[in-house]
Amino acid sequence: MKDKGKILWKLFLSTLYLSAFTFGGGYVIVTLMKKKFVDQYHWIQEEEMLDFIAIAQSTPGPIAVNGAIVIGYELCGVIGALTAIIATIIPPFFTISLISVCYAAVRDNWFISKMLEGMQAGVGAVIASTVYEMGQGMIRKGNTCSMIIMIGAFVATCIFEINVIYVILVCGGIGVLQSLIAKGEEK
């Protein structure tokens, strides 16, 4: 039980820190979660992390919270999920509360506007880095089917402008079929 308490405390502090110091939305936090939980703590395998991110993307709600839920649940069950949720929502809650109080004073501030524009550029770079790192892992494993799905999803959304919901549903269906075929081959 002592180890579970330590894991819960580290999970709380990690998700609180990631949520407090990550700007740019859920896709930015994905890279940082991977670095923290896969690379630093070795609590989760990289392939599991990819699965967790897929789950987080395909469920309603913010990807940062959904990602924290699945990681917390994997580590410590329901109490882990609750711990991760609380730690993940505390920083945005306080930030939004503070902004709502000060909004009138800063909404037309030139410096704040330019700072936020600069942050957008940084966020784009972090998202590109995430795509590169996760795609590189897929290519290294040589999973042809996953690479075809990834390229197909990109083409469908970026070139043919198909709604992302449909792309996620199709990719999820392909993943289920792939799992069923793999189970059938094992027997």
Is segment 36-163 best put as rounded, prolate or oblate by its Cα gyration tensor, with a ≥ b ≥ c the root eigenvalues, rounded for a/c under 1.5, and otherwise prolate when a/b is larger than b/c, oblate when not? oblate
Gaussian network model of the chain, Cα springs within a sub-10 Å range: biggest mean-square fluctuation belongs to which of Y103, Y41, Y132? Y103
How would segment 43-84 be classified by its alpha-carbon gyration tensor: rounded, prolate or oblate, with rounded meaning a/c under 1.5 and the a/b versus b/c comparison settling the rest? oblate
Just to confirm the number: angle between the C-alpha axis of helix 110-141 and the first principal axis of the chain, 0 to 90 degrees, nearest 10? 20 degrees
Around I162, which amide H atoms from residues at least 5 apart in sequence, or from another chain, sit under 5 Å from its own amide H, with H modelled in the peptide plane? T157
How many Å² of accessible area per residue for the chain, probe 1.4 Å? 66 Å²
Among K36/K141; K4/K35; K10/K141; K4/K36, which pairs are too far apart, with a Cα-Cα distance over 29 Å? K10/K141
Of the trypsin sites (Lys or Arg not before Pro) in segment 86-158, those whose Cβ has at most 13 other Cβ within 10 Å and which sit in DSSP loop: R107
Here Rg/Rh (Cα, Kirkwood) for segment 138-187 equals 1.06
Helix-derived [θ] at 222 nm for the chain: sum -39500 (n - 2.57) over DSSP H runs of at least 4, divide by residue count, nearest 500? -28000 deg cm²/dmol
How high is the relative contact order of the chain, given as a whole-number percent (alpha carbon pairs under 8 Å, six or more residues apart)? 21 percent
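The values are calculated or read from the model by the stated rules, or taken from the named source; none is laboratory data. Predicted model only: the values in this text are computed from it and were never measured. A quick note on method: Cβ atoms are made from the backbone with ideal geometry, for glycine too, and the neighbour counts reach across all protein chains shown. Surface accessibility is based on the protein's heavy atoms, side chains included, excluding ligands, DNA and RNA. Shrake-Rupley method; radii C 1.70, N 1.55, O 1.52, S 1.80 Å.
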